[in-house]
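*Asks:* Structure below; questions to follow.
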Amino acid sequence: MSGAGGSTSRHLLSAGDLSRDEALLVLDTAAELEQVLASSTVGKLPTLRGRTVVNLFFEDSTRTKTSFELAAKRLSADVISFAAKGSSVSKGESLKDTALTLEAMGADGIVIRHSWSGAPVNLAHHVRGAVVNAGDGTHEHPTQALLDAYTVRQRLGRLEGLRVTIVGDVLHSRVARSNVLLLHTLGAEVTLVAPPTLLPVGVETWPCAVSYDLDAVLPKSDVVMMLRVQRERMGVSYFPSSREYSRRYGLDVRRAAVLGDDAIVMHPGPMNRGIEIAPEVADGPRSTIVSQVANGVTVRMAVLYLLLGSAEPAIGVEVTRG
Amino acid sequence: MAESWLLRGVLPYGEGAPVDVRLADGRVAELAPGLAPGSSRVLEAAGQVLLPGLVDLHTHLREPGREDAETVETGTRAAAAGGFTAVHAMANTDPVADNAGVVEQVWRLGREAGHCDVAPVGAVTIGLRGEALSELGTMADSAARVRVFSDDGLCVSDASLMRRALEYVKAFDGVIAQHAQEPRLTVGAQMNEGVVSSRLGLTGWPSVAEEAVIARDCLLAAHVRSRLHVCHVSTRGSVDILRLAKARGIDVTAEVTPHHLLLTDEAACGYDATFKVNPPLRTQDDVDAVREGLADGTLDVVATDHAPHTSQDKETEWGAALPGMTGLETALAVVAETMVLPGRLTWRQVADRMSARPAVIGRLEGHGRPLAVGEPANLALVDTGAAWTVDPAASVSRSRNTPFAGRRLPVRVTATFLRGARTHGEG
Ligand SMILES: [Zn+2]
């Protein structure tokens, strides 16, 4: 019998998998963990002792991988990091075969980052352990949305009714998708701002507002979340030049000045300083960029704890195996 | 010489009173009530619908090159199980069917297997590269008698090359079957571009990429007075353009697949790559439009686009999986489900869309003929009271990638006859 044998597995595949209560439970649990760890001398909790968490990263991401590793280790889990990069691209070992290997190893939790949208869903069909989506293609990145929500609540005290503006390449952004879903669940009012080329077809069906005009939206924003814009998008004419992009959609000092006194500025990283965000804004008092990184570990601890900490997971969705 | 059969109590085109049909010497010898068995082998088929053998304009048999997914033998056996007596074998094999050698090889393999006639499709361009015409005339003059030419899987996107191809095949009454997909609008495309693709984070394949090519090709066909066939029409806009083109008298025909008649892009929600296909599954509005188009004749035929794939090419991440679905064994049942039962088509019209018209488009002799004494005995028997559940493990095809797994379908092909010889059925 492998690690998770007998008990039900639930997975975190999409931010939309979380009900309002579940999402709040993650944030509250993260807050408790933060307090407990602050008063702990060893900086570690025994909660997941004897359980195995596998980090399966098919795509390079040192920061997310490190964040999940730290989270699992601070809960005393055994952590295995799989160097799976490129295996699906080269048509070597399939995701299914990798899943069977993980089953044999008795993985209780599998954190997966993959360049193809939906790969975590595919994986969940083949394993008993709980799957956590750590970013799949241009689909979702639910723990990023959770840490963003946690950071907002930490700084502004609430989420309900806050006006959150997400700016940039929504089309290719898994961060934007997860944030729209989660922030809507938590009662925030989201506005997406982007050039029309970087908004997905059908965005009008999403639970948010849409604008092409950053200057019109900024004064009414409590939170501004800047998305990374990838230079390679220029080659395929999503926009003419990074200079023009920056001029129309970058958060520079002049624009930051119109924000309300308490408004905060977020970025999931890594940043293109001088393109989507000016260095003075990124390093300024409104910026939450550093605390986002720290909060990432805490929130991921909460997610792993709630999925793996007891026989009956407290959050997530079930997926039929087969 | 094939043995003689007596099919008892059948309903030709599902119409009128039951009759008996005697098949002898490869032809329909008698068609009347109360025939005596004589020396004929009797098949009790009371109340079953008799149709002319189905003709598929769009089949991927995968041989040569991907015999692990399908061979001419297994693919034509699957065709016979679906009621087909002739299939057009697409050219995107390895090596590509862009010369007389390959098309004759495929044709010969079909003859040897004997399950149904195989009409090889010739590639329009060398290696499907879209750069230079293949030796279309040599393929037409070969033993395979190629009349349908297609780069299917890829679009002949160069307008000048498409024009020349349309013109050139007029010399031997050929037709260009276009896989309409503007390549620059579909770079990296994974599924229909719309609400669902945006939610799933999969790169979209917009309807306009199909419609723009169809519109252009209709205008080209009109300009050079040639005939054009459009493969697997999947969008409402395409149906509208074709309706207009036909009203203008342009010599264009078009096909729709069973899966585009039944399924929508919502099927992608679980990222199960069984539902990945090119062109992609569209919206319910598109499904409604292709059903209307097939009913009013704007879409001339149902063609399967049977595209077998091995499990390793399908049981993988959506983006890494190959597009395509099997379809030969389920095609008629899906057409019954979507078109006949709801009253959109009669069985006689099904015979028109799945036998007569595809045979005419492909210039196939001896197929698509009416049910009448003296005609070749290429026939399919359909039990309209035999609902069944699709089980991929029971596929006759070598591949299991049916999108209808677990689905209950309302009718079943019980027997198929090719020139009087039974190619499918028991008892
Ligand atoms: Zn095609």
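*Asks:* Within chain A, count lysine pairs with alpha carbon atoms under 16 angstrom apart where the residues are 8 or more positions apart or belong to different chains.
*Replies:* On the way: A:Lys44/A:Lys73; A:Lys65/A:Lys73; A:Lys65/A:Lys85; A:Lys85/A:Lys96.
Eligible lysine pairs with Cα atoms under 16 Å apart amount to 4.
*Asks:* Which angle between 0 and 90 degrees, to the nearest 10, do you get for helix B:159-168 versus the longest principal axis of chain B when only C-alpha atoms count?
*Replies:* Approximately 30 degrees, to the nearest ten.
*Asks:* May I pose another question? Quick check: from the Cα gyration tensor, does segment B:62-194 come out rounded (a/c under 1.5), prolate or oblate? Provide the component values of the computation, followed by the final result.
*Replies:* Working: a/c = 1.99, a/b = 1.26, b/c = 1.58.
Oblate, since a/c reaches 1.5 and b/c is not below a/b.
*Asks:* Let me have the 222 nm mean residue ellipticity of the protein assembly as shown computed from DSSP H runs of 4+ only, each contributing -39500 (n - 2.57), with the sum over all residues rounded to the nearest 500. Present the calculation step by step, with values, prior to reporting the outcome.
*Replies:* Details: 25 runs with 234 residues, N = 749.
One gets -9000 deg cm²/dmol as the mean residue ellipticity at 222 nm.
*Asks:* A further question follows. Using alpha-carbon pairs under 8 Å, 6+ residues apart, how would you state the relative contact order of segment B:53-361 in percent?
*Replies:* Working: 690 pairs, mean separation 51.0, N = 309.
Once divided by the residue count of segment B:53-361, the mean separation gives 17 percent.
*Asks:* I want to make sure I understand the PRE zone here: with the label point 7 angstrom from the Cα of B:Arg348 toward its beta carbon, which residues in segment B:44-76 have backbone N atoms less than 20 Å away?
*Replies:* Of the residues in segment B:44-76, B:47-55 have backbone N under 20 Å from the label point off B:Arg348.
*Asks:* Now a separate question. Would you mind giving the mean number of other chain beta-carbons within 10 Å of the Cβ of each residue in A:112-124, as a whole number?
*Replies:* Numbers: counts 0, 0, 2, 3, 10, 11, 13, 6, 2, 7, 10, 1, 1.
If you average over the peptide's residues, the count of other-chain Cβ atoms is 5.
*Asks:* Shielding of B:317-328 by partners, i.e. mean partner chain Cβ atoms within 10 Å per residue? Write down the numbers at each step before the final one.
*Replies:* Working: counts 18, 8, 9, 9, 2, 0, 0, 0, 0, 0, 0, 0.
Mean partner shielding for this stretch: 4.
*Asks:* Carbon and sulfur: what percent of segment A:142-292's accessible surface (1.4 Å probe)? Intermediate values should be presented prior to the final figure.
*Replies:* Values: 3060 of 6060 Å².
Carbon and sulfur together cover 51 percent of it.
*Asks:* Given axes a ≥ b ≥ c from the Cα gyration tensor, I'd like to know whether segment B:380-427 is rounded (a/c under 1.5), prolate (a/b larger than b/c) or oblate.
*Replies:* Working: a/c = 2.86, a/b = 1.45, b/c = 1.97.
Oblate shape, in that a/c is at least 1.5 and b/c is the bigger or equal ratio.
*Asks:* Separate question: What helices in chain A pass both tests, a Cα length along the helix axis of 20 Å or more and a mean Kyte hydropathy of 0.0 or higher, using whole DSSP H runs? Each step should come with its number before you reach the end.
*Replies:* Working: long enough: A:20-39 (29 Å, 0.38); A:142-156 (21 Å, -0.31); A:289-308 (28 Å, 1.57).
Span-like helices in chain A: A:20-39, A:289-308.
*Asks:* Relative to the longest principal axis of chain B, what angle (0 to 90°, nearest 10) does the C-alpha long axis of helix B:100-113 take?
*Replies:* That helix lies at roughly 30 degrees to the long axis.
*Asks:* Also, quick follow-up: Would you mind getting the accessible area per residue of segment A:181-256, heavy atoms of the protein chains only, 1.4 Å probe, in Å²? Don't skip to the end; give the middle numbers.
*Replies:* On the way: 3560 Å² over 76 residues.
Accessible area per residue, segment A:181-256: 47 Å².
*Asks:* Antiparallel as a % of all DSSP beta bridges within the protein assembly as shown, to the nearest 5?
*Replies:* Values: 27 of 91 bridges.
Roughly 30 percent of the beta bridges in the protein assembly as shown run antiparallel, per DSSP.
*Asks:* Then there is this: Which ³J(HN,Hα) values, rounded to whole Hz and listed in residue order, are derived for segment B:335-342 from phi using the Karplus coefficients 6.51, -1.76 and 1.60 in 6.51 cos²θ - 1.76 cosθ + 1.60 with θ = phi - 60°, glycine and proline given as x?
*Replies:* Along segment B:335-342, the couplings run 5, 4, 4, 8, 10, 7, 4, x Hz.
*Asks:* Further question: Once phi is turned into ³J(HN,Hα) by the Karplus curve 6.51 cos²θ - 1.76 cosθ + 1.60 with θ = phi - 60°, what whole-Hz value does each residue of segment B:388-398 show in order, with x for glycine and proline?
*Replies:* For segment B:388-398, the Karplus curve yields 8, 10, 6, 10, x, 5, 8, 4, 6, 4, 5 Hz.
*Asks:* Which one of B:Arg41, B:Arg412, B:Arg369 has the biggest mean-square fluctuation once chain B is modelled by GNM with Cα springs under 10 Å?
*Replies:* Checking each option, the largest mean-square fluctuation is seen for B:Arg41.
*Asks:* Follow-up. Can you give me the angle between helix B:207-224 and the longest principal axis of chain B, using Cα atoms only, in degrees from 0 to 90, rounded to the nearest 10?
*Replies:* Rounded to the nearest ten degrees, it is 80.
*Asks:* Report the FRET efficiency, 1/(1 + (r/R0)^6), for A:Arg158 and A:Ser61, where r is their Cβ-Cβ distance and R0 is 41 Å, rounded to 0.05.
*Replies:* Numbers: r = 30 Å, r/R0 = 0.74.
Here the calculated transfer efficiency is 0.85.
*Asks:* Work out, step by step, the length gained on full extension between B:Gln284 and B:Ser311: first 0.36 nm times the residue separation, then minus their alpha carbon distance; give nm to one decimal.
*Replies:* Numbers: separation 27, 0.36 × 27 = 9.72 nm, distance 2.83 nm.
My answer for the length gained is 6.9 nm.
*Asks:* By how many nm would the segment from A:Leu37 to A:Arg321 grow when fully extended, if each residue of separation counts as 0.36 nm and the alpha-carbon distance is taken off? Please report the intermediate quantities before stating the final value.
*Replies:* On the way: separation 284, 0.36 × 284 = 102.24 nm, distance 3.61 nm.
Result for the pair: 98.6 nm of gain on full extension.
*Asks:* Averaged over peptide B:171-177, how many Cβ atoms belonging to another chain are found within 10 Å of each residue's Cβ? Spell out each step's value before the answer.
*Replies:* Numbers: counts 0, 0, 0, 0, 0, 0, 0.
For this peptide, the per-residue mean of nearby foreign Cβ atoms is 0.
*Asks:* For a test of the definition: using alpha carbon positions, the gyration tensor, and the 1.5 limit on a/c, classify segment B:53-361 as rounded, prolate or oblate.
*Replies:* Rounded, since a/c falls under 1.5.
*Asks:* Would you grab the residues whose amide H sits under 5 Å from the one on A:Glu189? Only those 5+ places off in sequence or on another chain, please, with H modelled 1.01 Å from N.
*Replies:* A:Gly161, A:Leu162, A:Arg163, A:Val164
*Asks:* With a 1.4 Å probe and all protein chains in place, put A:Tyr245, A:Tyr238 in order of accessible area, largest first. If you can, show how the numbers build up before the last one.
*Replies:* On the way: A:Tyr245 5, A:Tyr238 60 Å².
Correct descending sequence by accessible area is A:Tyr238, A:Tyr245.
*Asks:* Another one. Counting only residues 5 or more places away or on other chains, whose amide H sits under 5 Å from the amide H of A:Val111 once H atoms are built in the peptide plane?
*Replies:* Those lying under 5 Å, H to H, from A:Val111 are A:Val54, A:Asn55, A:Leu56, A:Val132.
*Asks:* How charged is the neighbourhood of B:Thr85? Take every other residue with its Cβ under 13 Å from the Cβ of B:Thr85, and add Lys/Arg as +1 and Asp/Glu as -1.
*Replies:* Values: positive: B:Arg77, B:Arg369, B:Arg419, B:Arg422; negative: B:Asp56, B:Asp117, B:Glu365, B:Glu375.
It works out to a net charge of 0.
*Asks:* Using the Karplus curve 6.51 cos²θ - 1.76 cosθ + 1.60 with θ = phi - 60°, what ³J(HN,Hα) values do you get for each residue of segment B:227-243, in whole Hz, with x for Gly and Pro?
*Replies:* Working through the residues one at a time gives 9, 10, 10, 9, 6, 4, 5, 10, 10, 4, x, 5, 4, 4, 5, 5, 4 Hz.
*Asks:* Where both residues lie in segment B:53-361, what percent of DSSP beta bridges are antiparallel, nearest 5? Write out the running numbers ahead of the final one.
*Replies:* Working: 1 of 24 bridges.
Given both bridge residues lie in segment B:53-361, the antiparallel proportion sits at roughly 5 percent.
*Asks:* Here's something else I'd like to know. Give me the distance in nm between label points sitting 7 Å out from Cα along the Cα-to-Cβ direction at B:Ser39 and B:Glu292, one decimal.
*Replies:* Taking the simple label geometry, B:Ser39 and B:Glu292 are separated by 5.7 nm.
*Asks:* Relative contact order, percent, of segment B:126-259 when contacts are C-alpha pairs under 8 Å separated by at least 6 residues?
*Replies:* On the way: 214 pairs, mean separation 27.0, N = 134.
Computed value for segment B:126-259: 20 percent relative contact order.
The values are calculated or read from the model by the stated rules, or taken from the named source; none is laboratory data. All values derive from a computational prediction rather than experimental measurement. Cβ atoms come from the backbone with ideal geometry, glycine included; neighbour counts cover every protein chain shown. These area figures cover heavy atoms from the full protein model, side chains too; ligands, DNA and RNA do not enter into them. Shrake-Rupley method; radii C 1.70, N 1.55, O 1.52, S 1.80 Å.
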